[in-house]
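J.: Let me begin by handing over the structure; questions about it come next.
The values are calculated or read from the model by the stated rules, or taken from the named source; none is laboratory data. As the structure is a computational prediction, the values presented were derived from the model and not from experiment. Virtual Cβ from ideal backbone geometry, glycine too; neighbours counted across all protein chains shown.
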Amino acid sequence: MNSERNEMVRLIQAYGVRDEKIIEAMRKVRRHVFIPEGQSGMLDPYGDHPCPIGNGQTISQPFIVAYMSEKINPKPGEKILEIGTGSGYQAAVLAELGADVYSIEIIPDLANHAKKILAQEKYKVHILEADGYKGWPEMAPFDVIIVTCAPEEIPFELIQQLNEGGRMILPVGSPLNQKLVVLYKSGGKVKLENDLAVRFVPMVHRQS
Ligand code: SAH
């Protein structure tokens, strides 16, 4: 698996990710173990594409995981909120970078799976099974917020839970027209930057 991970990383570098810390973390995290049994074997876990993880969801393409991580540049000890735990892989990469990771997943099966694998791989990530539109107010503010499912608009609660000097990255838009947005909060003001066109699963609302 090491040689497959080296090849995956070589491609990520060829696509333009330069930060050595990110490259090292991507080389270290065992991506294949995050793909639930029953889903594995369908697609190469180290290939340059998303892979199914059950419940109609996918683990993001390795390049996108590296790209988003590089954009938000997490520093050791920073508090990060992820919305859309999915398999737990992105959370593991952030934990590998030394961040204190909080992650919310709306589908109970996936939250449980991620909890199990992250513990098995010795990553201390706090997982909450809940609707990410509300964020995690008890643990706010966060230095970084990363959303790995796409809302139609930037959720206001998440902006509120971002620390002064914090940054947030998220895909925004409909399934056929989405782009990554990077948001910076500084001096009480919010600055937005549009970034790559992407394709994430929609951020859904919990029926209650
Ligand atoms: N970061 C994941 C990929 C996630 S796919 C990984 O590394 O594997 C997107 C995930 O967002 C799915 O698991 C989906 O169930 C979840 N999701 C969708 N809407 C959500 C919401 N409102 N709150 C929390 N999670 C949500």
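J.: Being surrounded by 12 or more Cβ atoms within 10 Å (Cβ to Cβ), more than 16 Å from the ligand (Cβ to nearest atom) and not hydrophobic (A, V, I, L, M, F, W, C) is the requirement here; does K179 meet it?
T.: yes
J.: What are the pairs with Cβ atoms under 9 angstrom where one residue, in region 190-208, is assigned to a strand (DSSP E or B) and the other, located anywhere, is of a type in the set (K, R)? Sequence gap at least six, or different chains.
T.: K191/K185; N194/K179; D195/K71; D195/K179; L196/K179; A197/K179; V198/K179
J.: Mind listing whichever residues of region 1-55 are farther than 17 Å from K116 by Cα and among the acidic types (D, E)?
T.: Listed by number, the residues that qualify are E4, E7, D19, E20, E24, D44, D48.
J.: Go through region 78-101 and give me each residue that's acidic (D, E), within 10 Å of V125 (Cβ to Cβ) and touching a residue at least 60 places away in the same chain (Cβ under 8 Å).
T.: Across region 78-101, the qualifying residue is only E82.
J.: State yes or no: is Y89 over 20 Å from K28 (Cβ atoms), of a type in the set (F, W, Y) and within 12 Å of the chain's Cα centre (by Cα)?
T.: So Y89 does not fit the description; no.
J.: Looking only at region 98-139, which residues are in contact with a helix residue (DSSP H, G or I) (Cβ under 9 Å, 6 or more places away or on another chain), assigned to a helix (DSSP H, G or I), farther than 18 Å from A150 by Cα and within 14 Å of the ligand (Cβ to nearest atom)?
T.: H113, A114, I117, L118
J.: Look through region 61-95, keep the residues that are within 6 Å of the ligand (Cβ to nearest atom) and not polar (S, T, N, Q), and return whichever of them is farthest from E105 (Cα to Cα).
T.: Here the answer is Y89.
J.: If you don't mind, another one. If I filter region 182-205 down to residues being within 16 Å of the ligand (Cβ to nearest atom) and out of contact with any Phe, Trp or Tyr (no Cβ under 8 Å at 6 or more places or on another chain), which single residue comes out as nearest to S60 (Cα to Cα)?
T.: Among residues in region 182-205 that are within 16 Å of the ligand (Cβ to nearest atom) and out of contact with any Phe, Trp or Tyr (no Cβ under 8 Å at 6 or more places or on another chain), the one nearest to S60 (Cα to Cα) is F200.
J.: Can I ask one more? Just checking, how many residues over region 160-176 are hydrophobic (A, V, I, L, M, F, W, C), more than 16 Å from the ligand (Cβ to nearest atom) and modelled with pLDDT of 95 or more?
T.: Residues meeting the conditions: 1.
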